[in-house]
Amino acid sequence: MLDGKYDFKAIDTWAQDLWERQGTHRFDGDSDKPVYSIDTPPPTVSGSLHIGHVFSYTQAECIARYQRMRGMNVFYPFGFDDNGLPTERLTEKDHGVLGREMPRDEFVKLCRETSAKYKQEFEALWRSIGISADWTLLYSTIDERAIRISQRGFLDALAKDEVYLHTSPTLWDTETQTAVAQAELESKDKRTKMNDLRFDLVDGGDITIATTRPELLPACVAIFIHPDHPQAGELLGKRAKVPLQDHDVEILADDKVDPEKGTGIVMCCTFGDKTDVEWYQKHKLDLRQAIGREGKMADIAGPEAGLYANQARRAILERLHESGHLLKQEDIENVVNVFEKTGREIEFLPTRQWFIKVLDKKEKLVELGEKIRWYPDHMGKRYRNWVEGLDWDWCISRQRFFGVPFPVWFCEGCDHVFTAPEEWLPVLEHSNHEVKETCSECGGTEWRPETDVMDTWATSSETPEINHRWGEADAEEHRRCPLPMSMRPQAHDIIRTWAFYTIVKSWIHFQDVPWREAMVSGHVQAPGKVKISKSKGNAPADPRDMITEHGADATRYWALSATLGNDYLYNEEDFKQGRRLCVKLWNAARLARGHLADFDRSAVTADPRPIDTAIRARLADTVRIAGTDLDRFEFGHAKQAIERFFWNDLCDNYLEMIKNRLYDDSPDGADAREAARAGLYDVLNGVVRLLAPFVPHVTEVVFQDLFAAADDADAIGLAAWPAAEPPPGSEEAQHDWDAAIAVLTTVRRWRSEEKLSPGKPLSRVAVRIAPDIADRLPRVQDDVRAAGRMELLDVAPDSALEKGDVQLDAAELPSA
């Protein structure tokens, strides 16, 4: 393929076909090599492919390629997180249906069909960008093995008393009508009104209470005042009439009341926020539920019953104004909690849910986080802050349809729980199993199945166990990875969910961390640090368009230009620079091919020139720097170091300095030519390997054309990472190189100032050089003349010059 021009479409197709035919990236379960396992994030099947997918997955994939070349047996599976609410909402949108208005089995079937369709599109995207996963290890969080392992994990936690069923105030999303977890909340600024309301005291007089949610007045069960409030002494123990309602409530004291907020007197409703829940439990208050699961007002709301909460707020404010209870309104900026998937404000409703215990092990979870090496380091602090700020146990049940079923039944007589035996797993449909047990609590024989499903995080938090085939009867017969896994790549916004939940599960199951290292990426932003938006046209919304326009390698180059953990501004220039790199490598390889077609590296006997030794030493330095960076997942820094070597040392300098030797076919120049060819072979071979994790398609073609015949590896991704050991004589040769570059830089600067083409020959150049260079230049003078297009180079030492300095005295063009 090197015969023609650079054509990324042909190159991408050819390389990907080769990898597929050879099974290049498959994990070898029989190998004795150490395993490097990657807990790949299974993307959510939500229907929308976006450039963030390419951005973060390419970064992790680069590390997979690097580790293979370092001699590791890389376990790199791929999965799809295709159960749960995102897939349900996609199905509803695509088919114009609502899950709660369909027979459950029909809706689940439709969800499976929809998921299968989009998974094909997702997989095609990953393959087109060169993701080197072992696609034979593909899994889905709704396939039978994943369901079985997820249910096994639930039963294991239940047996260890780490799971409990409880009816209590729960975080609730009224749009999807399901419970949600604390980790799924986002904070949102909202413009609203603070309303000062008059509460009349039963014994006469009144107090003023400020609230942003007057629609909760029917659920008011108490009034609280700080014990140090100036009015506390006269108000405590008294009762106040709730405006427009038929009940009155007691005034109580609590230290949690902020005396500086509003009037310093607050109402407690069941439930407006987390504090209401705490007061309800602490003071054993009555329960008055004003809002139902759909977000509509309950019967106790009187005239507002049946209205949605926002409608009820407007209506009751009108009545409060008419009755004289609304004293004042003020526009404020309020922070509210919303469900991340809908943006709807969260309600607190009393419901029965399954919970995994986390509050009782916060200290242990912090300790586990410290056992993991986080990259960047501050992401570990973000994890710690999340754990320390937890207020709720993890709610894992959802009142939805397309998810992993709970493998439990309830006794109709007493609600005692029956759990499925191991041989029943996976429980796909409860109707497939008949419980014939007699209830040990009440003697009943009638059982009803649990209708809730597990939160999708309850299954995706088991990805290490899924990869390990935990508990599977055929586990030993299949390729699998050991636990803990080596590395978890993920974005920073799901530390509080995926990372945290996976650590929780790993501790419950194995009392250990799930992986040794966590590589945390940022997000892509449009210029101006705003969200990528298709409607705004501020960046390609569909990553397939990027790959079609720029090619896989240039797109990868863009994704790998970021700094790990930081959000990155989308920049078209990155794609152009990636394309320039690929074209330059292609052209350099074509040049080399003309000199290496009949070259046998093993037969070389000529001693290297100082320049040849120096370029190998500089390559070794680059290998060391890039390896250190990639070991820390700093792919952006590694790429910069490799590019500097490729563009500056190899292309701008070394290739120019050895051209005369390469083209010298005379018998007297045979050794010099052989040394130059060996240097070119070694250094280009090393550069191709260094660039392989970043631009694997073009490097594969170059490798196959120039180097594969003399290598044990069938593909560049299986070739050895270059050695970082410098050759003998490197230190002296490096000084010689510096002397050569000092002269070349001076001559090139003069050419630039004179607007003279770099290829224009010079008949004579005279320079004065510092003494430290004077001793070294003779060893490289011929190569310097060749690179500078100089027929004659006159050199005069000058002790007055500073170390490393060069002054140009004369430069002459050939006579016409």
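The values are calculated or read from the model by the stated rules, or taken from the named source; none is laboratory data. Note that the structure is a prediction, hence the values are computed from the model and not measured. All Cβ positions, glycine included, derive from the backbone under ideal geometry; neighbour counts span all protein chains shown. With ligands, DNA and RNA removed, areas are computed over all heavy atoms of the protein, side chains included. Shrake-Rupley method; radii C 1.70, N 1.55, O 1.52, S 1.80 Å.
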Checking residue 291 against (1) over 41 Å from the mean Cα position of the chain (by Cα); (2) at pLDDT 95 or above; (3) open to solvent by less than 50 Å² (accessible area, probe 1.4 Å), which single condition isn't satisfied?
(1)
Enumerate the pairs (first residue in the stretch 581-600 and touching a residue at least 40 places away in the same chain (Cβ under 8 Å) and farther than 14 Å from residue 688 by Cβ; second residue anywhere and in a helix (DSSP H, G or I) and hydrophobic (A, V, I, L, M, F, W, C)) with beta-carbon separation below 7 Å, excluding pairs fewer than 6 apart on the same chain, so at least 6 apart or on different chains.
595/662; 595/680
Scan the strands (runs of 3 or more DSSP E) fully inside the stretch 152-267 and keep the ones with 3 or more residues being more than 20 Å from residue 286 (Cα to Cα).
163-173, 185-201, 206-211
Condition (residue is surrounded by fewer than 16 Cβ atoms within 10 Å (Cβ to Cβ) and aromatic (Phe, Trp, Tyr)) applied to the stretch 162-179: is it met by at least one residue?
yes
Do we find a residue being touching a Lys or Arg at 6+ places or on another chain (Cβ under 9 Å) and more than 19 Å from residue 601 (Cα to Cα) anywhere in the stretch 701-719?
yes
Given the residues 739, 710, which is the only one that is among the small types (Gly, Ala, Ser), in contact with a Leu (Cβ under 6 Å, 6 or more places away or on another chain), over 14 Å from residue 69 (Cα atoms) and touching a residue at least 12 places away in the same chain (Cβ under 8 Å)?
739
If the Cβ limit is 7 Å and pairs must be 6+ apart or interchain, which residue in the stretch 671-684 that is on the phi > 0 side of the Ramachandran plot and touching a residue at least 24 places away in the same chain (Cβ under 8 Å) pairs with which residue that is of a type outside the set (Asp, Glu) and surrounded by fewer than 21 Cβ atoms within 10 Å (Cβ to Cβ)?
none
Across the stretch 1-59, which residue is farthest from residue 558 (Cα to Cα) among those that are of a type in the set (D, E, K, R) and crowded, with 21+ Cβ neighbours inside 10 Å?
39
List the number of the failed condition for residue 162; all other conditions in (1) touching a His at 6+ places or on another chain (Cβ under 6 Å); (2) under 30 Å from residue 410 (Cα atoms); (3) of a type outside the set (Gly, Ala, Ser) hold.
(1)
Output the number of the condition that residue 76 fails; it satisfies all remaining conditions of (1) open to solvent by less than 10 Å² (accessible area, probe 1.4 Å); (2) among the hydroxyl-bearing types (Ser, Thr, Tyr); (3) out of contact with any His (no Cβ under 8 Å at 6 or more places or on another chain).
(3)
How many residues are under 18 Å from residue 404 (Cα atoms) and acidic (Asp, Glu) when one looks only at the stretch 111-151?
3
Given (1) within 18 Å of residue 235 (Cβ to Cβ); (2) open to solvent by 70 Å² or more (accessible area, probe 1.4 Å), where does residue 299 come up short, assuming only one miss?
(1)
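Rundown of residues vs (1) part of a loop (DSSP other than H, G, I, E, B); (2) modelled with pLDDT of 95 or more; (3) closer than 13 Å to residue 54 by Cα, yes/no style:
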site: 509; (1), (2), (3): no, yes, no
site: 513; (1), (2), (3): yes, yes, no
site: 533; (1), (2), (3): yes, no, no
site: 537; (1), (2), (3): yes, no, no
site: 540; (1), (2), (3): yes, no, yes
site: 554; (1), (2), (3): no, yes, yes
site: 565; (1), (2), (3): yes, no, no
Take residue 205 and decide whether it is among the small types (Gly, Ala, Ser), more than 28 Å from residue 322 (Cβ to Cβ), without any contact (Cβ under 8 Å) to a residue 12 or more places away in the chain and open to solvent by 10 Å² or more (accessible area, probe 1.4 Å).
no
Limited to the stretch 53-84, what total is found for residues that are touching a strand residue (DSSP E or B) at 6+ places or on another chain (Cβ under 7 Å) and part of a loop (DSSP other than H, G, I, E, B)?
4
Checking residue 569 against (1) within 21 Å of residue 52 (Cα to Cα); (2) of a type in the set (A, V, I, L, M, F, W, C); (3) crowded, with 18+ Cβ neighbours inside 10 Å, which single condition isn't satisfied?
(3)
Is it fair to say residue 772 is within 21 Å of residue 613 (Cβ to Cβ), in contact with a Lys or Arg (Cβ under 8 Å, 6 or more places away or on another chain) and without any contact (Cβ under 8 Å) to a residue 40 or more places away in the chain?
yes
When you scan the stretch 732-750, do you find a residue that is among the basic types (Lys, Arg) and open to solvent by less than 40 Å² (accessible area, probe 1.4 Å), even just one?
no
